[in-house]
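Shown next, in structure tokens, is the structure this report addresses.
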Amino acid sequence: MAALACVALLAASCGSDSGSTGSTGGTGAAPALEGRGDITLVTGKDTSNNMQRLTDEWNNAHPTEKVRIVELPESADAQRQQLVQNAQVKSDAYTILTLDVVWTAEFAANRWAIELPRDQFGLENFLKPAVETGEYRGKLYAVPVYSDAGLLFYRKDLLDKVGLTAPKTWDELTAACQKVKALPEGANMSCYTGQFEKYEGLTVNFDEAVHTAGGAIVNEAGQPTVDTPQAKAGLDKLVEGFKNGTFPQKAITFKEEDGRRSFQAGELIFMRQWPYQWALANKTDGSSQVAGKFDVAPLPGVGAGPGAASLGGHNFAISAFAKNKATALDFIKYFTTDAAERSNLLATSQAPTRANLYDDPELVKQFPYLPTLKEAIMAAKPRPKAVRYGDVTTAIQEAAYGAITGAKDSGTALKELQTKLQDLLK
């Protein structure tokens, strides 16, 4: 803390009077930040309370620069809506913004978030894919705090009983389900779920299905490529899952927390989920019926496998309209230190952004999935980077939801989506 205070004082003494976004070019220095005092940190639900604990530590050491956490709704779409509304009226109510990795372009292009000084964070020590999610046109607008990639959670105890290991392909997964359901304890269980409610989670699951089938939502040139046989094969896999009973019908309403609760209640054999579920599902306080009974693996693929995970995570940005930006900068540096990220991993099992933590023997012993998770993150596919991301994801959700609910066939849904994306991604 003393060292951090010294850094803060140096930063303050070297600052200029600029707190705006400015335009410095890809290799120029970012605008200096000024202003010290109380700030707010806007985030989704702090389910572990570790964010509050770390914030309390900061507040105890910085009584004149306290941070207050503002929690937004559970849904990512609702979070984005409130952040956008706050930015559009240029409110200074929010200081540090917790952004989904796919929101960077939108907030940077609209000058709702300021450019950050690249040399302040030791970014060479972070996972490269995570750092890239905070960049827009060669400049840094957000610092990676949590990374993420989808993993397959599975009931290892039940697969052990039928003599199977984690499935590498969809065919192996469905075959494993049949064997487990033949067990007395598996008779009433559902096979698999992801996140299929019409919200950002459906965009992620659609993205993973398309990439796993060899397709992509956009190509390397940023052009939409969803009216293709590969994209149709991916979407059809989701459609068929509901038709043939691989997915429970109630999964059409599932977001992350709905599926987590179902998995912890012992209702699911397999589940696509973010790594944060590990700590919660292993709790021994009675909230989980599967503690010590599950494991994780890469998402299943086709052919030899594995599947393609979607790159997730959250970054910290600073609102262009906020006061006390110098304090915000120092808090972000504090929150992304090795010690803070280690603390967060231990408390939440969320994926850290510092690369060295994935190879730490003590952490790997406690979280044996870390090497698998690191591999998944490094190979993960990003969702489309778009300034109008809100419109892009809405179009994707409408197309995918229409197909999996039977409102329209997958071919028609994808042709319509191709047309919409061509306009949105110009």
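Quick notes on this one:
- FRET efficiency for ALA78 and LEU183, using Cβ-Cβ distance with R0 set to 56 Å, rounded to 0.05: 0.90
- Contour excess over end-to-end distance, with Cα ends at ASP119 and GLN223 and 0.36 nm allotted per residue: 34.2 nm
- Pairwise FRET efficiency - ASP423 versus GLN85, Cβ, R0 = 22 Å, nearest 0.05: 0.35
- Fraction of accessible area attributable to carbon and sulfur, region 368-426 (%, probe 1.4 Å): 51 percent
- On the basis of the beta-carbon distance and an R0 of 41 Å, LYS293 and THR64 show a calculated FRET efficiency of 0.25.
- Region 234-318, relative contact order [Cα under 8 Å, separation at least 6], %: 15 percent
- Paramagnetic reach from GLU57 in region 140-175 [backbone N under 15 Å; point 7 Å along Cα→Cβ]: none
- Pairs of Lys residues in region 224-350 are counted when their Cα atoms are under 24 angstrom apart and they lie 8 or more places apart or on different chains; the count is 12.
- Computed lengthening from VAL364 to ARG111, 0.36 nm per intervening residue step minus Cα-Cα distance: 87.1 nm
- Residue of PRO275, PRO63, PRO129 that the Gaussian network model of the chain assigns the largest fluctuation, springs spanning Cα pairs under 10 Å: PRO63
- For region 188-296, carbon and sulfur atoms together expose 46% of the accessible surface, with a 1.4 angstrom probe and every protein chain in place.
- In the frame of its principal axes, region 251-405 has Cα extents of 48, 43, 35 Å, reported largest first.
- Normalised contact order of the chain, rounded percent, pairs of Cα under 8 Å and 6 or more residues apart: 25 percent
- With θ taken as phi - 60° and the Karplus curve 6.51 cos²θ - 1.76 cosθ + 1.60 applied, the whole-hertz 3J(HN,Hα) list for region 308-321 is 10, 8, 8, 6, x, x, 9, 10, 9, 10, 10, 4, 5, 9 Hz, x standing for glycine and proline.
- With all protein chains kept in place, the per residue accessible area of region 344-385 amounts to 46 square angstrom at a probe of 1.4 angstrom.
- Antiparallel DSSP beta bridges within the chain, as percent of all bridges there, nearest 5: 65 percent
- Cα-projected label distance for THR253 with ALA379, points at 7 Å along beta-carbon direction, nm: 3.6 nm
- Under 11 Å, Cβ to Cβ, from SER319 - net charge with Lys/Arg +1 and Asp/Glu -1: +3
- Mean ellipticity per residue at 222 nm, deg cm²/dmol - from DSSP H runs of n ≥ 4 across the chain, formula -39500 (n - 2.57): -12500 deg cm²/dmol
- Rounded percent of accessible protein surface that carbon and sulfur make up, region 35-104, 1.4 Å probe: 43 percent
- Residues of region 394-410 falling in the label zone of GLU240, defined by backbone nitrogen less than 20 Å from a point 7 Å along Cα to beta-carbon, are 400-410.
- Added length on full extension, which subtracts the Cα-Cα distance from 0.36 nm per residue, GLU71 to ASP171: 31.9 nm
- Per residue accessible area of region 111-154, 1.4 Å probe, in Å²: 35 Å²
- Against the set [x] 1.11; [y] 1.75; [z] 1.00, the structure's computed Cα Rg over 2.2 N^0.38 Å falls on [z].
The values are calculated or read from the model by the stated rules, or taken from the named source; none is laboratory data. Since the model is a prediction, treat every value here as computed from it, not as a measurement. Glycine also receives a Cβ, built like all others from the backbone with ideal geometry; neighbour counts cover every protein chain displayed. Calculation scope for accessible area: heavy atoms of the full protein, side chains included, ligands and nucleic acids excluded. Shrake-Rupley method; radii C 1.70, N 1.55, O 1.52, S 1.80 Å.
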